[in-house]
Amino acid sequence: MIVQLDTDYPQPRRIDRIVDHLQSGGLAAYPTDTIYGLGCDSDHHDAIVELRRLVSNFKEAPEHTPLSLLCEGLSQVAQYAFVDDESHRLLRRLLPGPYTFILQATKDVPTVMRKQRETIGIRVPDHDVLQRMLDRLGRPIITTSATTRDDEQIADPWTIEDLYGHVVELVVDGGYVDPGPSTVIDLSGERPTLIREGKGSLEGLDFLEVVDDEEPKMG
């Protein structure tokens, strides 16, 4: 089912309908400032398990593939991740925006997500529809990127409905999104490290170390 929204003036009743669906344990697809995402309420254990199953089965990716948290703002980030003063200054400078930051997870991160690792990928997206969803929900959304079986990024709601409609009950129509991955920066170690260059600008970030490891599958 596709729920159409006015991206300039998202209708509050439709936002409420989307959030009610998430709170009931449903999976949803939605636009972000990078590509479309697939996700669920972070407070719903069964929905997180179902999202992991979707990643493993449909996307044909390992079940331990990292999922990320979509947060409304920095205060929410600080609840789910340990953020020191230096990291906070960087996050305040770059967010909201198309970045994923890897940070040490706090105990508020769902246990099912901390079984494989002690870190968590966190995003604060620069997208009005998604921000309104997060504000109404009052807690993060667990998310993964929406891709085809060939790992191509999905930039529109109709393709998602065709590919995922049998398992994702609600698709938020936020129009076409100019597709591109987020820039991933690891702040969990001794020095800030660039894991993947994406849509987030690297201007003024010359201090980042660079690694050549395989890119994490994050949206």
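When you scan segment 156-179, how many residues do you find that are aliphatic (A, V, I, L, M) and touching an Asp or Glu at 6+ places or on another chain (Cβ under 7 Å)? Show your work before the answer.
Taking segment 156-179 first, the residues aliphatic (A, V, I, L, M) are 160, 163, 167-168, 170-172, 177.
Filter once more, so that each one left must be touching an Asp or Glu at 6+ places or on another chain (Cβ under 7 Å): 171.
Matching residues across segment 156-179 total 1.
Based on this model, can you work out whether Y164 counts as in contact (Cβ under 8 Å) with a residue 24 or more places away in the chain and aromatic (F, W, Y)?
Values: in contact (Cβ under 8 Å) with a residue 24 or more places away in the chain: yes; aromatic (F, W, Y): yes.
Considered against the rule, which asks whether it is in contact (Cβ under 8 Å) with a residue 24 or more places away in the chain and aromatic (F, W, Y), Y164 comes out as yes.
Of the numbered conditions (1) under 30 Å from Q104 (Cα atoms); (2) touching a Gly at 6+ places or on another chain (Cβ under 9 Å); (3) in contact (Cβ under 8 Å) with a residue 40 or more places away in the chain, I195 satisfies every one except a single condition; which is it?
(2)
Go through (1) of a type in the set (S, T, Y); (2) touching a helix residue (DSSP H, G or I) at 6+ places or on another chain (Cβ under 9 Å); (3) part of a helix (DSSP H, G or I) one by one and return the number of the condition T143 breaks.
(3)
Quick one: is E215 among the acidic types (D, E), modelled with pLDDT under 90, under 17 Å from the mean Cα position of the chain (by Cα) and surrounded by fewer than 18 Cβ atoms within 10 Å (Cβ to Cβ)? Quick ask: steps written out before the conclusion?
Numbers: among the acidic types (D, E): yes; modelled with pLDDT under 90: yes; under 17 Å from the mean Cα position of the chain (by Cα): yes; surrounded by fewer than 18 Cβ atoms within 10 Å (Cβ to Cβ): yes.
In short, yes.
Return yes or no: is L70 surrounded by 17 or more Cβ atoms within 10 Å (Cβ to Cβ) and touching a Ser or Thr at 6+ places or on another chain (Cβ under 6 Å)? Give the derivation first.
On the way: surrounded by 17 or more Cβ atoms within 10 Å (Cβ to Cβ): yes; touching a Ser or Thr at 6+ places or on another chain (Cβ under 6 Å): yes.
So L70 fits the description; yes.
Name the single residue, out of those in segment 98-123 being closer than 14 Å to P140 by Cβ and of a type in the set (S, T, Y), that is nearest to the chain's Cα centre (by Cα).
Among those residues, the one meeting the criterion is T100.
Yes or no: T65 under 30 Å from E152 (Cβ atoms), modelled with pLDDT under 95, of a type in the set (S, T, Y) and under 15 Å from the mean Cα position of the chain (by Cα)?
On the way: under 30 Å from E152 (Cβ atoms): yes; modelled with pLDDT under 95: yes; of a type in the set (S, T, Y): yes; under 15 Å from the mean Cα position of the chain (by Cα): yes.
Judged against the criteria, T65 is a match.
Report yes if R139 is surrounded by fewer than 22 Cβ atoms within 10 Å (Cβ to Cβ), under 17 Å from the mean Cα position of the chain (by Cα), at pLDDT 95 or above and within 23 Å of G73 (Cα to Cα), otherwise no.
Working: surrounded by fewer than 22 Cβ atoms within 10 Å (Cβ to Cβ): yes; under 17 Å from the mean Cα position of the chain (by Cα): yes; at pLDDT 95 or above: yes; within 23 Å of G73 (Cα to Cα): yes.
Judged against the criteria, R139 is a match.
When you scan segment 155-197 for strands (runs of 3 or more DSSP E) that lie fully inside it, which ones turn up with 3 or more residues that are closer than 22 Å to N57 by Cβ, of a type outside the set (A, V, I, L, M) and modelled with pLDDT of 90 or more? Walk me through it before giving the result.
Numbers: elements: 170-173, 183-186, 193-196.
Hits in segment 155-197: none.
The values are calculated or read from the model by the stated rules, or taken from the named source; none is laboratory data. These numbers come from a predicted model, not from an experiment. Every residue, glycine as well, gets a Cβ built from its backbone with ideal geometry; the counts of neighbours run over all protein chains shown.
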